[in-house]
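The values are calculated or read from the model by the stated rules, or taken from the named source; none is laboratory data. Bear in mind that the values here come from a model prediction, so they are computed numbers and not experimental data. Here the Cβ is made from the backbone with ideal geometry for all residues, glycine too, and neighbour counts use every protein chain on show.
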Amino acid sequence: MPKNCLIVLGLMGLDLDSRNYFLIRGASEEDLLAVMNINRVCLPENYTYSFFETILKSFPKSFLVAEVNGKIAGYIMCRVERIFSKFQRFKIVKAGHVISIAVLPEYRRIGIAASIMKNAMKILRDEYGCSEIFLEVRISNTPAINLYEKLGFIKVDRIKGYYMDGEDAYLMARELTFLE
Ligand code: ACO
Ligand code: ZN
């Protein structure tokens, strides 16, 4: 098992080739091309290699990948920011900003995103001292909105024309006090 492995989920009985087996670990530079590929396949918001690299160097602990049989199936990358609290008026807090999360289509609906996100929330709180987490999501992205609501996020704002094509975003956030 890799040294930086966080969790392993084995849901497959004796079938080691099953897709229902994944592990979550910290990303390294060798993972970045695979991460960029997943980002391109899954989302219209894409970034340069150097952007991914900068995030990895700046906030390595909260850049996670999910591996299925040695293949990178999903990722999350976050940035730590000082922001006005989404929950307490006029208070400046440290918050984790989820820049991007995605799972390849063939590995969806087996709990990878939920698990990556739960691990990221713990790391943002315990390693980076964040008291909140937030993100933007397209108002039409029901799968992602459901995922975030299931994990305790709430919609705190709607940002008009946030995306390049004019679609609005929900700003969703959660306090990092009680984690599963
Ligand atoms: N329809 C409805 N609800 C869904 C769906 C779906 N297709 N997919 C996930 N959910 C919700 C459900 O509540 C699900 O719980 P359940 O399976 O018990 O019903 C919950 O999310 C957890 O599902 P996971 O299996 O953990 O999610 P998955 O690994 O499939 O990944 C994700 C979800 C990341 C949204 C995936 O569909 C994806 O990569 N989509 C394209 C990229 C994307 O939209 N990323 C988020 C953009 S916003 C941002 O990055 C900040
Ligand atoms: Zn953002």
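Odds and ends about this structure:
- Among residues of region 119-135 being among the charged types (D, E, K, R) and surrounded by 17 or more Cβ atoms within 10 Å (Cβ to Cβ), the one that is farthest from ligand 1 (Cβ to nearest atom) is R125.
- Evaluation of A73 against the conditions (1) assigned to a strand (DSSP E or B); (2) more than 15 Å from ligand 2 (Cβ to nearest atom); (3) out of contact with any Lys or Arg (no Cβ under 8 Å at 6 or more places or on another chain); (4) over 30 Å from E30 (Cβ atoms) shows that the sole unmet condition is (4).
- Selection from region 47-68 of residues that are surrounded by fewer than 12 Cβ atoms within 10 Å (Cβ to Cβ) and either modelled with pLDDT under 95 or within 12 Å of A102 (Cβ to Cβ) (or both): none
- Odd one out for Q88 among (1) of a type in the set (S, T, N, Q); (2) in a helix (DSSP H, G or I); (3) more than 22 Å from A169 (Cβ to Cβ): (2)
- Cβ-Cβ under 7 Å pairs, at least 6 apart or on other chains, region 59-75 side closer than 11 Å to V35 by Cβ, far side aromatic (F, W, Y) and surrounded by fewer than 24 Cβ atoms within 10 Å (Cβ to Cβ): A73/Y107; G74/Y107
- In the set S100, S50, only one residue is within 15 Å of L135 (Cα to Cα), hydroxyl-bearing (S, T, Y) and either outside any helix (DSSP H, G or I) or away from ligand 1 (no atom under 13 Å from the Cβ) (or both); that residue is S100.
- One residue stands out in region 123-137 among those that are among the acidic types (D, E) and either part of a helix (DSSP H, G or I) or out of contact with any Lys or Arg (no Cβ under 8 Å at 6 or more places or on another chain) (or both): the one that is nearest to ligand 2 (Cβ to nearest atom), namely E136.
- Where a residue in region 153-180 is at positive phi and its partner, wherever it lies, is part of a loop (DSSP other than H, G, I, E, B) and surrounded by 13 or more Cβ atoms within 10 Å (Cβ to Cβ), with Cβ under 8 Å and at least six apart: G161/E167; G161/D168
- Some residue of region 3-20 being at pLDDT below 95 and crowded, with 17+ Cβ neighbours inside 10 Å: yes
- Matching option when the condition is under 21 Å from N39 (Cβ atoms), modelled with pLDDT of 95 or more, within 16 Å of ligand 2 (Cβ to nearest atom) and of a type in the set (S, T, N, Q), among S140, S100: S100
- Test: residue in region 140-148 that is hydroxyl-bearing (S, T, Y) and more than 17 Å from K86 (Cβ to Cβ): yes
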